[in-house]
Amino acid sequence: MYQAIASPQGDKFIVARPGARKGMHIPHIMYKELSDAVADRQTVPGWLVDAARQAWGIDLAGCPTERTVLVRPLTSLNYSRATWEINKGCNFNCEHRYLAERKFEGLSREEKDRLLFMLRDAGVLWLQFTGGEPTIDRDFAHSYRTAYGLGMLIKAAKEAGVPLELALIVTKHNAHEVEAMRDLAEEYAYTYTEYANISPTYDGKPEPLAAQAPGFLDKSTVFKGCPAGHAFFHVDPHGFATMCKVGRENPVNLMAEGLDGLLRLPAIADAEMLRSGGCSGCRLSATCRVCRPLAKAYQEAKAPLNTYCQHGNGDHIT
Ligand code: SF4
Ligand code: SF4
């Protein structure tokens, strides 16, 4: 196992360590120095020895760089993050689920491998496995190991030695336990985030909305933009790439088109973000709380306006 991964990330360069939350930004010249140290079979440069000791408490002095640091190459695509729905199947039925399909289906193991290599070549460093329920996919362990071996950092269970990040989903059925949930999260996870605004399924089915906990709806946060489709993307179980998990229009068939298809994704994302459809002509969009893909899902689900839209019960434009 590599002790550290050096990788381009957007227009920057970072060094990260699997299982550790602390990483470091480095200038291009240091990234180049690491690449050269691998090629020339030199030991880990002194600056990284010092930084690794300080950040992670490990001693890399005298270690051969090529076996210690995985230096990921620069790619022509600028993606650093992706989410991958490894399958659509699930083992139980969360009331707040935003995914629409439940049938267990996805790529073969060989195609999964091909997809993971494509994600690596697209520059993806941070990969999140999702589903359905990802851990019940028969290829989950294999795919996890493959992604890990390719230098992608992924979230996994604390027992596996990787810091766990928890999402606390607050619904009307567990809102009374929110303090206990926070205590549990603090005990078991490195960090956690609370989600209390329940959204429809991405294809506009309203069922999850019934789980909204009264009093937990956050109406204060204004949508400030999102780099979906530009800095990250989502891949579904069949290898179709979309701007994110919610915005799924005009999917790019990665398995058929290869990475060239991703070049179209930024324009697809820009078009999907336009305040069109039920948001056309909205005069309150500057203070809107949701992006257009999410607004579309709410509108298709015929969600109550006061759960997502600034027009509340007033003059919503349809
Ligand atoms: S749902 Fe909206 S905010 Fe979330 S990732 Fe997609 S575009 Fe961005
Ligand atoms: S305020 Fe309502 S109508 Fe306006 S952009 Fe937001 S969701 Fe759409």
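The values are calculated or read from the model by the stated rules, or taken from the named source; none is laboratory data. Model, not experiment: these values are computed from the prediction. All Cβ positions, even for glycine, are placed from backbone atoms using ideal geometry, and neighbour counts span all protein chains on display.
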Among (1) within 26 Å of TYR308 (Cβ to Cβ); (2) at pLDDT 95 or above, CYS282 falls short only on (2)
Determine which single condition PRO266 fails, assuming it passes every other condition in (1) in contact with a His (Cβ under 6 Å, 6 or more places away or on another chain); (2) within 12 Å of ligand 1 (Cβ to nearest atom); (3) not hydroxyl-bearing (Ser, Thr, Tyr).
(2)
Assess whether VAL235 counts as being closer than 28 Å to TYR79 by Cα, away from ligand 2 (no atom under 11 Å from the Cβ) and modelled with pLDDT of 95 or more.
yes
Residue satisfying condition, being within 16 Å of ligand 2 (Cβ to nearest atom), small (Gly, Ala, Ser), modelled with pLDDT of 85 or more and surrounded by fewer than 16 Cβ atoms within 10 Å (Cβ to Cβ), within set GLY225, GLY204:
GLY225
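Given the structure, is PHE240 closer than 22 Å to GLY89 by Cα, more than 16 Å from ligand 2 (Cβ to nearest atom) and not small (Gly, Ala, Ser)? First the steps, then the outcome.
Values: closer than 22 Å to GLY89 by Cα: yes; more than 16 Å from ligand 2 (Cβ to nearest atom): yes; not small (Gly, Ala, Ser): yes.
Yes.
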Failed item, numbered, when SER280 is tested on (1) within 14 Å of ligand 1 (Cβ to nearest atom); (2) out of contact with any Pro (no Cβ under 9 Å at 6 or more places or on another chain); (3) on the phi < 0 side of the Ramachandran plot:
(1)
